[in-house]
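Enquirer: One structure is given below, represented as structure tokens, and several questions about it will come after.
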Amino acid sequence: MSAAPANTARRSGPLVIKIGGNTLESQSSSPDLWRALVATAHATPGGIVLLHGGGKAVDRHLSRLGFPTVRREGIRITPQDQIDEIVAVLAGTVNKRLVASINAAGGQAVGLCLGDGGLGGVPTAVTTRFAFDPGLVGDVAQSGNPRLLRTLLTEGFLPVVSSIGIDAQGRFLNVNADDAASGVAAMLGACALVLLTDVPGIMDADKRIVPELTAEHVESFIASGVISGGMIPKSRAAVVASSTIGAPVVILNGNDTAEFTRFLRGEPVGSRIISAR
């Protein structure tokens, strides 16, 4: 892989990739993916910023401690008595394992969280966005400062960012990783945003991949139940990001390195979320 992704060549910002699901669960069995990421980081003028989730690892850790796991509309309910454990998994174990996998593939990864260097701004708890109380869940603030990421990218590092924010009172906030990726992509003027997940894209009612969607399509699919669970916040974050950065957001199967490689060659894969024309 010797050139930047063909579908990002006209934009100079970094490529922002969000990774989650089974790809994080099976890092040792995915060396080709990490090598592809490293090669792409070297070939892309703006570099790569990697955002990550880690919900399955959090679920296992909380279960061992006897804590319940509750999600609504794809959002983890985050009570005060769980936040420290969630931070320990996402900003600790998951983040550092991902850094280790990338560095073992020849990269120069640096592990961060949204609270480092003011990257996530000063987030606030999103108590008004939902018809329920999600607990200590926050958003990437518009006041986010990209200087730390730009400095690392300029020096050839690959930032790996966990979705843990810190508010004005110094409290940890659990930020949905898709929302975090959307916010970081907007902040950096990304050339594209890729959401790697456990499915090959957004499916219609007949289980066929929908190659291109607008905000109207996404909301229609949510209302009809075609998009449900964790795909609700993912697809809505993609809509926001596409509108903000002025470029498509692509949802791909992160467990298929060949599909990711096809995306890098500019081939039509997965589902593209676009702004309405």
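Enquirer: Could you check what % of the DSSP bridge pairs in the range 120-277 are antiparallel, to the nearest 5? List each step's numbers first, then the result.
Expert: Numbers: 8 of 17 bridges.
The antiparallel proportion sits near 45 percent.
Enquirer: Over all directions, the average projected area of the alpha-carbon convex hull for the range 6-273 comes to how many nm²? Mind showing how you got there, number by number?
Expert: Numbers: hull surface 52.4 nm².
Approximately 13.1 nm², given one-decimal rounding.
Enquirer: Mean residue ellipticity at 222 nm from the helices of the chain, using -39,500 (n - 2.57) per DSSP H segment of n ≥ 4 over the full residue count, to the nearest 500 deg cm²/dmol?
Expert: On the way: 10 runs with 98 residues, N = 277.
Dividing the helical sum by the residues of the chain leaves -10500 deg cm²/dmol.
Enquirer: While we're on this one: Considering the options ASN255, ALA57, GLY189, tell which one lies farthest towards the positive end of the dipole of the chain, charges being +1 on Lys and Arg and -1 on Asp and Glu at the Cβ, about the Cα centre.
Expert: Result: GLY189, furthest along the dipole toward the positive end.
Enquirer: Ranked highest first by the average count of other Cβ atoms within 10 Å around their residues, in what order do 62-75, 33-46 fall? Each step should come with its number before you reach the end.
Expert: On the way: 62-75: 13.3, 33-46: 20.2.
By packing density, highest mean first, the sequence is 33-46, 62-75.
Enquirer: Let me spell out the model: positive unit charges on the Cβ of Lys and Arg, negative unit charges on the Cβ of Asp and Glu, origin at the Cα centre of the chain. What dipole size does that give, in debye rounded to 20?
Expert: Values: 24 positive and 23 negative charges, 83 e Å.
My answer is approximately 400 debye.
Enquirer: The range 153-227: which GluC sites (Glu not before Pro) are DSSP loop and have at most 15 other beta-carbon atoms within 10 angstrom?
Expert: Here the GluC sites (Glu not before Pro) that fit, given the DSSP loop and packing criteria, are GLU155.
Enquirer: Quick check on the chain: of the DSSP beta bridges with both residues there, what percent are antiparallel, nearest 5%? Walk me through the numbers before you get to the answer.
Expert: Numbers: 10 of 38 bridges.
The answer is about 25 percent antiparallel.
Enquirer: Right, here's the next one. What is the sum of charges, Lys and Arg at +1 and Asp and Glu at -1, for the other residues whose Cβ falls under 12 Å from the Cβ of VAL49? Write out the running numbers ahead of the final one.
Expert: Values: positive: LYS18, ARG150; negative: none.
Result for the local shell: +2.
Enquirer: Which lysines, if any, have their Cα less than 27 Å from the Cα of LYS96, not counting same-chain residues under 8 positions apart?
Expert: Straight-distance partners of LYS96: LYS18, LYS56, LYS234.
Enquirer: Something else: Mind telling me which of LYS56, LYS18, LYS96 comes out most flexible in a GNM of the chain, alpha-carbon contacts under 10 Å?
Expert: Of the options given, LYS56 has the highest mean-square fluctuation.
Enquirer: Of GLY20, GLY246, GLY170, which has the largest mean-square fluctuation in a 10 Å C-alpha GNM of the chain?
Expert: GLY170
Enquirer: Select from ASP204, ASP116, ASP167 the residue whose mean-square fluctuation is largest in a Gaussian network model of the chain (Cα-Cα springs shorter than 10 Å).
Expert: It is ASP204.
Enquirer: Contact order normalised by length for the chain, with contacts defined as Cα pairs under 8 Å and 6 or more residues apart; what percent is it? Present the calculation step by step, with values, prior to reporting the outcome.
Expert: Numbers: 600 pairs, mean separation 64.3, N = 277.
Reported relative contact order: 23 percent.
Enquirer: What is the range 154-220's relative contact order, in percent, from Cα pairs under 8 angstrom and six or more apart in sequence?
Expert: Working: 32 pairs, mean separation 9.6, N = 67.
Worked out over the range 154-220, it gives 14 percent.
Enquirer: Okay, next question. Could you tell me the center-to-center distance, by alpha carbons, between the range 143-157 and the range 208-251 in angstrom?
Expert: 28 Å
Read-outs throughout are calculated quantities, based only on the coordinates presented, and are distinct from any laboratory measurement. Quick caveat: nothing in here was measured; it's all calculated off a predicted structure. Heads up, the Cβs are rebuilt from the backbone with ideal geometry, glycines too, and the neighbour counts pull from every protein chain shown.
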